[in-house]
Amino acid sequence: MTLEDIGKEINIESLEKENLSLKSKIEGLRANNNSYLYSALCRFQAEMPIVQKNSSMYGKQKYASFADIVRVSRPILVKNGLSISQTFLGDILITRLCHSSGQFLESNIKLITPDIKDSKINILQEIGKAITYLKRYSYMSIVGIATDDDTDGN
């Protein structure tokens with residue numbers, strides 16, 4: 001029996017298709033079964049301290065700045081194989097919590113542009129503030145970060 005005969009008998013093309021199909025199914029299971037991500041997130045939350053509110057705007061209530069939140073959380077995220085990606089698709093802020101396994105969680109929120117009629121106010125600065133605000137809260141919520149006593153609603 002020659003190799004060609006064995007190839008015809010085994011049908012290599014069919015095996016290659018089946019192999020690709022199985023690989024695809026395995027990747028799908030990995031992507032949809034977030035056990036690695038949730039386990040890493042649990043470890044992250046166990047280590048993550050409460051972020052202190054050190055910033056204030058116009059002398060009003062203090063808040064934790066986005067930079068402080070990232071500075072405190074990033075090393076702990078990375079230690080646990082986690083990262084956060086934030087990008088815009090049109091006017092939608094997409095925040096993605098990624099695990100080194102390829103698993104991820106995603107959060108989407110629509111940017112509402114401020115309706116400003118006062119010509120003395122720079123609309124681009126106001127949009128920038130809104131973007132930073134959304135990024136900060138979306139980042140905190142996807143990983144469960146807390147800041148000391150939340151008084152933003154008061």
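Thr87 falls short on exactly one of the conditions (1) among the β-branched types (Val, Ile, Thr); (2) surrounded by fewer than 13 Cβ atoms within 10 Å (Cβ to Cβ); (3) not in a strand (DSSP E or B), and that condition is (3). Just one of the listed residues (Leu93, Leu105) is part of a strand (DSSP E or B), surrounded by 11 or more Cβ atoms within 10 Å (Cβ to Cβ) and at pLDDT below 95, and it is Leu105. Checked against the criterion of being among the β-branched types (Val, Ile, Thr), out of contact with any helix residue (DSSP H, G or I) (no Cβ under 8 Å at 6 or more places or on another chain) and either touching a residue at least 40 places away in the same chain (Cβ under 8 Å) or under 28 Å from Glu27 (Cα atoms) (or both), the candidates Thr87, Thr132, Thr147, Thr95 yield just one match: Thr87. Inclusion of Thr113 among residues that are of a type in the set (S, T, N, Q), over 15 Å from the mean Cα position of the chain (by Cα) and either surrounded by 14 or more Cβ atoms within 10 Å (Cβ to Cβ) or closer than 18 Å to Ser35 by Cα (or both) is not warranted.
Going by what's in this entry, would Lys62 be described as at pLDDT 65 or above and within 24 Å of Thr132 (Cβ to Cβ)? Taking the combined requirement at face value, the residue satisfies it. Comparison of Ser101, Ser65, Ser141 shows that the only residue that is out of contact with any Leu (no Cβ under 8 Å at 6 or more places or on another chain), of a type outside the set (A, V, I, L, M, F, W, C) and within 28 Å of Ser35 (Cβ to Cβ) is Ser141. Against the condition under 22 Å from Ala46 (Cα atoms), among the polar types (S, T, N, Q) and assigned by TED's automatic domain parsing to the domain that holds Ala40, how does Ser119 come out, does it pass? Criteria not met by Ser119.
Checking the structure you have, find out if any residue of the range 84-105 is under 20 Å from Gln45 (Cα atoms), of a type in the set (D, E, K, R) and not assigned by TED's automatic domain parsing to the domain that holds Cys42. So far as the range 84-105 goes, no, none of its residues is under 20 Å from Gln45 (Cα atoms), of a type in the set (D, E, K, R) and not assigned by TED's automatic domain parsing to the domain that holds Cys42. Residues that are more than 23 Å from Leu105 (Cβ to Cβ) and either among the hydroxyl-bearing types (Ser, Thr, Tyr) or in a loop (DSSP other than H, G, I, E, B) (or both) were ranked within the range 117-140; the one that is modelled with the highest pLDDT is Asn122.
The values are calculated or read from the model by the stated rules, or taken from the named source; none is laboratory data. Remember, it's a predicted structure, so these values are computed and weren't measured experimentally. Heads up, the Cβs are rebuilt from the backbone with ideal geometry, glycines too, and the neighbour counts pull from every protein chain shown.
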